[in-house]
1. Could you list all residues from the stretch 233-255 that are among the β-branched types (Val, Ile, Thr) and over 17 Å from ILE163 (Cα atoms)?
2. Can we say VAL246 is modelled with pLDDT of 95 or more and hydrophobic (A, V, I, L, M, F, W, C)?
3. Somewhere in the stretch 166-173, is a residue on the phi < 0 side of the Ramachandran plot, modelled with pLDDT of 95 or more, in a helix (DSSP H, G or I) and among the aromatic types (Phe, Trp, Tyr)?
4. Scan the helices (runs of 4 or more DSSP H) fully inside the stretch 26-130 and keep the ones with 3 or more residues being under 28 Å from GLU245 (Cα atoms) and touching a strand residue (DSSP E or B) at 6+ places or on another chain (Cβ under 7 Å).
5. May I ask you to list the residues in the stretch 95-131 that are surrounded by 15 or more Cβ atoms within 10 Å (Cβ to Cβ), over 18 Å from the mean Cα position of the chain (by Cα) and either among the aliphatic types (A, V, I, L, M) or closer than 26 Å to LEU39 by Cα (or both)?
6. Can you tell me which of TYR66, TYR87 is surrounded by fewer than 20 Cβ atoms within 10 Å (Cβ to Cβ) and in contact (Cβ under 8 Å) with a residue 40 or more places away in the chain?
7. Just to be sure before I move on: is THR209 part of a loop (DSSP other than H, G, I, E, B) and either crowded, with 17+ Cβ neighbours inside 10 Å or among the aromatic types (Phe, Trp, Tyr) (or both) in the structure I sent?
8. Going through the stretch 223-246 one residue at a time, which ones are assigned to a loop (DSSP other than H, G, I, E, B) and either among the small types (Gly, Ala, Ser) or surrounded by fewer than 20 Cβ atoms within 10 Å (Cβ to Cβ) (or both)?
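The values are calculated or read from the model by the stated rules, or taken from the named source; none is laboratory data. Because the structure is a prediction, the values reported are computed rather than measured. For neighbour counting, all protein chains shown are included, and Cβ atoms are generated from backbone atoms with ideal geometry for every residue, glycine included.
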Amino acid sequence: MKIALNGANGFVGTKLRQAFDNHVVLERNDTQEEMLKKLQDVDVVINLAGAPIIKKWTKEYKKTLYSSRIVTTKNLVNAINQSSVKYFISTSAVGIYPNNVPCNESCDTYPKDFLSTLAQSWESEAKNANVPTAILRFGIVLGSDGGALKQMLTPFKLGVGGIIGDGKMKMSWIDISDLINIYQFLMDKRLIGTFNASSPNPVTNYEFTKTLGKVLHRPTMLPLPEFVLKLVFGEASSVLTDSKEVYPKELENAGFKFSYPTLQESLEHLLDF
């Protein structure tokens, strides 16, 4: 099976390149002709395109977030529809869901904020592919060598990690190993539809903080006020302060088994404890 990866240089893309040897990489600046040439003999396309979301959302950067997701996906889908590709897996995020509402994939009432609207547009573009398509809504992807956890490790190891605000917001997360296994599972079964790529056990920010401190054997005494995040990131601070309680009902119904379903299991695995 030959795979094409679009957006292969990020944390998840790098892990997928390592996991699947028989792959080609699609570049953001590829012309339609170059894309079609690379898609020759490709069975599966995985779309991970998208500029980093944790960055201050100026008016211009919002345009970048939109174009790097929606415009890039539109161009990719146009190429797929002219190729012999058999299966497409695109990316979305649990930010599509409302705050403070337990949600599985059957939740269909979405907020009108920027993150949710962005995700909805991203998914809508992916659904224009004329091949069987799966969309993965990522939770916070945990890995020791990339993503959110890597950024947290230094302050926590120094003993200055702490809860955000009151710590009550829910965090939906997934171990990077489980995420890679989900891709393999989808490709093996050629499943179609929308799937929450998140652990069956979301936690509060307080629980996350205390579990990470416990695994690292470090104190977690210093809370981070929400207003500080707003000063640094502006509107983008919502990525860190929103409360998303998400469950992977469709994956579990299809028979997927998580290797690291609880946060402690995941952190001990990732941090070699």
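1. Taking the stretch 233-255 first, the residues among the β-branched types (Val, Ile, Thr) are 239, 241, 246.
Selection gives VAL246 alone.
2. Working: modelled with pLDDT of 95 or more: yes; hydrophobic (A, V, I, L, M, F, W, C): yes.
Spelling it out, VAL246 is indeed modelled with pLDDT of 95 or more and hydrophobic (A, V, I, L, M, F, W, C).
3. Checked the stretch 166-173: no residue is on the phi < 0 side of the Ramachandran plot, modelled with pLDDT of 95 or more, in a helix (DSSP H, G or I) and among the aromatic types (Phe, Trp, Tyr).
4. Details: elements: 32-38, 59-66, 72-80, 114-126.
The qualifying helices (runs of 4 or more DSSP H) are 114-126.
5. Once the filter is applied, which keeps residues that are surrounded by 15 or more Cβ atoms within 10 Å (Cβ to Cβ), over 18 Å from the mean Cα position of the chain (by Cα) and either among the aliphatic types (A, V, I, L, M) or closer than 26 Å to LEU39 by Cα (or both), the stretch 95-131 yields ALA129, VAL131.
6. Answer to the selection: TYR66.
7. Values: part of a loop (DSSP other than H, G, I, E, B): no; either crowded, with 17+ Cβ neighbours inside 10 Å or among the aromatic types (Phe, Trp, Tyr) (or both): yes.
In short, no.
8. Kept after step one, since they are assigned to a loop (DSSP other than H, G, I, E, B), are these residues of the stretch 223-246: 223, 225, 242-245.
Selection gives PRO223, PRO225, SER243.
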